[in-house]
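Below is one structure, written out as structure tokens, with a few remarks after it.
The values are calculated or read from the model by the stated rules, or taken from the named source; none is laboratory data. Since the model is a prediction, treat every value here as computed from it, not as a measurement. Glycine gets a Cβ as well: all are built from the backbone with ideal geometry, and neighbour counts include every protein chain shown.
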Amino acid sequence: MALRKIVSVPEPVLRRKAHKVTDFNKDFQTLVNDMVETLRDAPGVGLAAPQIGISLRLFVMEFGDEEDENIPKKLYVFANPEIIQASEEKVIGTEACLSVPDLAGDVERHTWLVVKGQNKQGKVVKYRFEGWIARIFQHEYDHLDGILFTDKAEKVWQSRPEETEEIRD
């Protein structure tokens, strides 16, 4: 495994629609492992392939229980993700991004989602997410279409990393 360089705006790959993952070979497995290591080193809760300069519809998320910090974090790998269903209800929450350093913003997102995609081995997976994990999924999903949180933010401000560490992707 190796750390990958996280690219920042205005890197063009961050504004492109990413390509579908078609091969779940050894190189893909290495990429996923590298992304997980890079995410944990950052530290962040989500990392999309475009954020490391690779135009693939792939992201990883790692998030723990919102109520109990003692419950271990769960790692999710999504290749070719889709949002199947989303709540009508939306809520505003603060977000930041590893590719948009030193900024945070208030973004409106669906409160829950039903999603599907492929895992690291290419097997179809389906989840229902609500709360922060739903927010993280939507944030990462947007990266695959070249959308940054600042595009959707109602308000953006300068942040200090220690203030936004838990919501940074």
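Conditions tested, residue by residue: (1) in contact with a Gly (Cβ under 8 Å, 6 or more places away or on another chain); (2) surrounded by 19 or more Cβ atoms within 10 Å (Cβ to Cβ); (3) among the acidic types (Asp, Glu); (4) under 14 Å from residue 137 (Cβ atoms).
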site	(1), (2), (3), (4)
8	no, no, no, no
11	yes, no, yes, no
17	yes, no, no, no
28	no, no, no, no
40	no, no, no, no
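Residue count for region 140-154 satisfying the condition of being among the charged types (D, E, K, R) and touching a His at 6+ places or on another chain (Cβ under 7 Å): 0. Could you check residue 21 against (1) part of a loop (DSSP other than H, G, I, E, B); (2) loosely packed, with under 14 Cβ neighbours inside 10 Å; (3) of a type outside the set (Asp, Glu) and say which number it fails? Condition not satisfied by residue 21: (2). How about region 145-166: which of its residues are among the hydroxyl-bearing types (Ser, Thr, Tyr) and modelled with pLDDT of 90 or more? Once the filter is applied, which keeps residues that are among the hydroxyl-bearing types (Ser, Thr, Tyr) and modelled with pLDDT of 90 or more, region 145-166 yields only 150. The sole residue among 88, 37 that is in a loop (DSSP other than H, G, I, E, B) and modelled with pLDDT of 95 or more is 88.
The residues of region 54-85 that are modelled with pLDDT under 95 and either aromatic (Phe, Trp, Tyr) or not in a strand (DSSP E or B) (or both), listed by number, are 63, 64, 65, 66, 67, 68, 69, 70, 71, 72, 73.
Taken over region 129-162, the criterion of being touching a helix residue (DSSP H, G or I) at 6+ places or on another chain (Cβ under 9 Å), of a type in the set (Lys, Arg) and farther than 21 Å from residue 39 by Cα is satisfied by 152 alone.
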